[in-house]
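Here, each number is a calculation from the coordinates, and none is a lab measurement. Not measured: the values here are computed from a predicted model. Here Cβ is always computed from backbone atoms with ideal geometry, including for glycine, and neighbour counts include all displayed protein chains.
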Amino acid sequence: MAQGKGKRPSAPMMPLGERIPFLVALADLDVEALRVGRPGDVPNLVHDLRRYLNDEAGEIVPESLDRLRSAIEIARDLVTAVAAKRSKDFAFGAGKLRFDASGGWPVEYRDMPSLRDLVLLVAVEDLRTLSAYKNVKQCPECATVFYARRSDQIYCGRRCANAVAVRSYKKNQKKGEAK
């Protein structure tokens with residue numbers, strides 16, 4: 001992808017080890033200090049926030065400092081609750097998300113508009129944070145989507161693996177007879 005003059009390169013996803021320290025640093029930002037600070041502070045913040053949100057195309061994170069204020073405020077509310085080891089409710093879509101840092105299950109969803117939305121939210125988060133998503137594959141024999149127990153597993157099961165092996169064997173046998 002060609003970069004235009006003055007454009008930053010796309011932001012690769014922030015590694016897991018950098019995510020929580022970034023969130024704490026984001027929560028500690030003073031929007032007014034950013035407004036009068038060094039000229040590169042806001043573009044650097046936008047770049048880092050895009051990496052945090054995996055917004056490579058720059059479609060989610062705005063360049064405007066005024067629009068970044070709500071992201072900084074929500075990060076501040078969340079890390080303050082974590083540091084105080086207390087629970088906090090957040091408006092989320094048409095429902096509510098409760099983060100409980102006091103122990104037990106840390107996230108609880110309430111009044112979500114639909115089961116679909118809740119499954120989507122949890123699944124996206126799981127797929128984003130767990131490297132196991134690499135083991136979700138599609139069988140080249142039957143097109144079934146499956147979870148590979150090993151990273152080198154190609155087929156969904158023995159039936160498909162055996163079918164391919166038998167075809168390959170028969171093909172090689174016919175080549176041998178033709179010679």
Residues of the stretch 40-83 with backbone N under 13 Å of the label point set 7 Å from the Cα of Ala25 along Cα→Cβ are 41-42, 44-52
If the chain between Arg35 and Glu73 were fully extended at 0.36 nm per residue, the gain over the current Cα-Cα distance would be 12.1 nm
Of the stretch 39-55, those with amide N under 18 Å from the point 7 Å along the Cα→Cβ vector of Glu63 are 39-51, 55
Cross-link reach from Lys170 to aspartates and glutamates, straight Cα distance under 19 Å and at least 8 residues apart if same chain, gives Glu141
One computes Rg over Rh for the stretch 136-178 from alpha-carbon atoms, with the Kirkwood Rh, and obtains 1.13
In order over the stretch 58-70: 3J(HN,Hα) from phi, Karplus 6.51/-1.76/1.60, θ = phi - 60°, whole Hz, x for each Gly or Pro, gives x, 8, 9, 8, x, 7, 6, 5, 4, 7, 7, 3, 5
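Would the stretch 11-70 count as rounded, prolate or oblate if I go by the C-alpha gyration tensor, calling it rounded below 1.5 in a/c and otherwise prolate when a/b exceeds b/c, oblate otherwise? Mind showing how you got there, number by number?
On the way: a/c = 1.96, a/b = 1.34, b/c = 1.46.
Verdict is oblate for the stretch 11-70.
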